[in-house]
Amino acid sequence: MAADSEPESEVFEITDFTTASEWERFISKVEEVLNDWKLIGNSLGQPLEKGIFTSGTWEERSDEISFADFKFSITHHYLVQESTDKEGKDEESEDAIPQSMQDLLCMNNDFPPRAHCLVRWYGLREFVVIAPAAQSDAVLSESKCNLLLSSISIALGNTGCQVPLFVQIHHRWRRLYMGECQGPGVRTDFEMVHLRKVPNQYTHLSGLLDIFKSKIGCPLTPLPPVSIAIRLTYVLQDWQQYFWPQQPPDIDALVGGEVGGLEFGKLPFGACEDPISELHLATTWPHLTEGIIVDNDVYSDLDPVQAPHWSVRVRKADNPQCLLGDFVTEFLKICRRKESTDEILGRSTFEEEGREVADITHALSKLTEPAPVPIHKLSVSNMVYTAKKKIRKHRGEESPLNNDVLNTILLTLYNQFKSAPSDSLTYKLALCLCMINFYHGGLKGVAHLWQEFVLEMRFRWENNFLIPGLTGGPPDLRCCLLHQKLQMLNCCIERKKARDEGKKTSPSDNVTNAYSGDAGKAGGQLGLDHLRDTEKEKGEVGKSWDSWSDSEEEFFECLSDTEDLKGNGQESGKKGGPKEMANLKPEGRLHQHGRLTLLHNGEPLYIPVTQEPAPMTEDLLEEQSEVLAKLGTSAEGAHLRARMQSACLLSDMESFKAANPGCFLEDFVRWYSPRDYIEEEVTDEKGNVVLKGELSARMKIPSNMWVEAWETAKPIPARRQRRLFDDTREAEKVLHYLAMQKPADLARHLLPCVIHAAVLKVKEEESLENIPSVKKIIKQIIAHSSKVLHFPNPEDKKLEEIILQITNVEAIIARARSLKAKFGTEKCEQEEEKEDLERFVSCLLEQPEVSVTGAGRGHAGRIIHKLFVNAQRLTESSEEAAAMALPEEELKRSGYPEERRQNSVSDFPPPVGRELILRASVPRPAPYSKALPQRMYSVLTKEDFRLAGAFSSDTSFF
């Protein structure tokens, strides 16, 4: 058995020599991609319209293939077109040549301004490119190049694909492509030559024609006509200085103390350099034939002035320096600084001499000190002097800001301009800090101005001077937090001022002065005289404002009011009955509430004078919300939360009780919340229809907060209640908050104002130029900024994006002004010519290339010609020689017409680019072959020479 099994164990290894090689796998992958993209067969499209390569939509799709371990990317580029009818396609498909071959002879899209290089060289609407996937890889050896060309030739033959297939060889920067296109019985080879040094015989048309004729090798003796398209490109770089309208800022005037010329609060605008670096003029002869024109190494008929078609494009300066963008960018940089104001300028300027900074609560002790003597002759200079005196002790005579500059800024901040809209103080402060940061000492100047500003705020608080440039009322939560803080400080100053003025007025005027601005919850407001009469009629005896408490711990303990308390509110509060309360004297009445009467005694219902609710900033609201949230959801927590939120309600109830002795909760609800008092028509015992009212269901809930508050409330008028809003404490908190702000924090607060001002400045400048594309961008900036700046502490990256958008718009407007100045749109006397020029300038900004109407003979063409002539005179000779030669040259031109053409050629510099397209339809390779399109493109620049040829041949018998 073992012997029999031995031969079976010997298995011969069979090598399959039919296994595909790497080369065959590569060809198979190319065929697979072409099949997946459905590029098989001939798909004839519509004839190409003029300019479709630039205005149309180009799309591409890519895939990755590999040859062994070398990776290639295969990309399909195609122009999106509407599908055409396929009727009659089958009949013509056998004889029709591929679409790409037909495009070689199309003249509608020569020299497209914006397209793929193969589109410009060959005029193709669709093609496939195989290139090394990695940027650093390249196919350098000739054998590898031939192997790739053989691969694509086999793939095209196997699949029947009629789309040109190119292979990129050599280094990527050379843009060197070889390719092939196959059709039924025809083939086009795409070849290319790229040289650094141009042979002399190929710098003109005659030499290139020789190459083209020798390449196509036409066997016919009378050679079919060769169609020629020529484009010469001239570059204008030397702009004359007066063509740039933007005047740079006068730094000497800004720094040297000439304060009269300063305009703080106004942002600068414009580019510091010409944003248009070059003007490219392309002169084109689109349809020429051999023999019509002469262009060789001795003589040329290619006069740019006589070219039938001119087109212009402008080259924009890379990242031009723009004033507005720099201002906002430099201000954004402050946000990244970490130094405090004291670290920048030295010791704290808020220290008192010989004392350390006390705790903020000790500021209340100043209330017991004698009131400051008011300054009758108030002026900004006095305020500035006082503030300067406080800080000069700690920081020598040298300051980052010049005195004149500082006074100018403070005048700007605190004085309202008659000719300008009343912008907020915060808005002006942001702009002034922005200018200080850019022109006057940078971060130190910002810290200095901020210290002066904070000292000014404290001075105004202590001396009862309202802060100008802020709207009245509580803080506006739609504004930045710094603006809210300043509004809060203004509210404190207003309350303190009213309280201090109340000390000086007579008792009869006390209530009027204090509450003339108050309004009832459901009624209007009467005049001062009527209010005063009402109070006198009701026997109101005004109490001194000395009874106000300056802290929450103190509550109405002045001797002058002790007796009144014993006789009125406090004693009656102890008795608590409505009958006892009805015997009290009414106090704190504002005016009668229409025809409403008290339900139980029929007395008229009076609206009381009430305290205003305490104003809140957004950070205080957040703190309050956090405190209320921490109370939890328990019954005790909910009850405590309700009590905390009902302080204003309790105050109004006490005021109502004092104004309407003998009132009940139903009376208060009828005034305070009429919806919670429900009235119904009922029929009484006598049959009469009467109104009967009762409290709503929510008011009858057990342990209702309204009922508890009503039982707790005592009949105390508003003027003798504890303040809901402690203006002294809140003002000190605001001043402490301002003093602790670092320059970075300050910049964060004010950056929305700066961006807002920058957007308004851009809109203002755009309205003068009327550029459609800019209007669209501005709308995008506004929408983007609204989202980013809506929340506090936005990301720096998003802020930089907004500033970059603003800078781009500024550059576009600067380019428009530069072009308008160069083309002299404002100097045009004829309205029609002015409109044409403005339209031409607008197109230059938005389009890659613009045709010049009338070429060199049109209005715009003459201006361009003049620009080149002026530049040539400056480069060829000095200004004096040009001035002396100008009359003589003009005489020659007018006296010798035959020399005019030669002189006009010298008006332009040598062309920086020469492009030629040669086309012919000739039979190859035999006289009896089918006539097929032949094309050669040539471009000659200073350091580059390229020939791109597409040569078709009939393969039916070859």
Can you classify segment 106-209 as rounded, prolate or oblate using the Cα gyration tensor, where a ≥ b ≥ c are the square roots of its eigenvalues, rounded means a/c under 1.5, and otherwise it's prolate if a/b beats b/c and oblate if not?
oblate
Using a 1.4 Å probe on the protein heavy atoms, what percent of the accessible area of segment 652-695 belongs to carbon and sulfur?
44
Under 5 Å between amide H atoms, partner at least 5 residues away or on a different chain: which partners does S43 have, H built in plane at 1.01 Å?
Q99
Can you pull the accessible area of K29 for me, 1.4 Å probe, Å² to the nearest 10?
70
Can you work out ³J(HN,Hα) from phi for every residue in segment 206-217, in order, using Karplus 6.51 cos²θ - 1.76 cosθ + 1.60 and θ = phi - 60°, giving whole Hz and x for Gly and Pro?
4, x, 5, 5, 4, 4, 4, 5, 5, 6, 6, x
Roll a 1.4 angstrom probe over the protein heavy atoms and tell me the percent of accessible area of segment 74-221 that is carbon or sulfur.
46
Dipole moment magnitude, nearest 20 debye, segment 769-876 about Cα centre, only Lys, Arg, Asp, Glu C-beta charged:
100
Too long for a 24 Å Cα-Cα cut-off, among K215/K930; K761/K827; K50/K820; K144/K213; K50/K213; K742/K779, are K761/K827; K50/K820; K144/K213; K50/K213; K742/K779
Sorted by accessible surface (1.4 Å probe, heavy atoms of the protein chains only), largest first, E623, E765, E49 come out as E49, E623, E765
What does the charge count around R196 come to, taking other residues whose C-beta lies under 15 Å from its C-beta (Lys +1, Arg +1, Asp -1, Glu -1)?
+3
Heavy atoms of W58: accessible area, 1.4 Å probe, square angstrom to 10:
80
Using just the C-alpha positions of segment 651-801 as equal point scatterers, what log10 of I(q)/I(0) does the Debye formula give at each q in 0.12, 0.13 1/Å?
-0.78, -0.80
Taking loop as defined by DSSP and a crowding limit of 12 other beta carbons within 10 Å, which GluC sites (Glu not before Pro) in segment 798-857 fit?
E829
At 1.4 Å probe size, with the rest of the protein present, what percent of the exposed accessible area of segment 732-775 is carbon and sulfur atoms?
57
Rounded to whole Hz, the Karplus (6.51, -1.76, 1.60) HN-Hα couplings of segment 148-155, x for glycine and proline:
5, 5, 5, 4, 5, 5, 5, 4
When ligands, DNA and RNA are left out and all protein chains stay put, how many square angstrom of accessible area per residue does segment 145-212 have with a 1.4 Å probe?
40
Amide H to amide H, which residues 5 or more places from V186 or on other chains are under 5 Å from it, using H placed in the peptide plane?
T955
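The values are calculated or read from the model by the stated rules, or taken from the named source; none is laboratory data. In this text, all values refer to a predicted model and were calculated from it rather than measured experimentally. With ideal geometry, Cβ positions are generated from the backbone for all residues, glycine too; neighbour counts draw on all protein chains shown. Areas reflect the complete protein model, heavy atoms only, side chains present, ligands, DNA and RNA absent. Shrake-Rupley method; radii C 1.70, N 1.55, O 1.52, S 1.80 Å.
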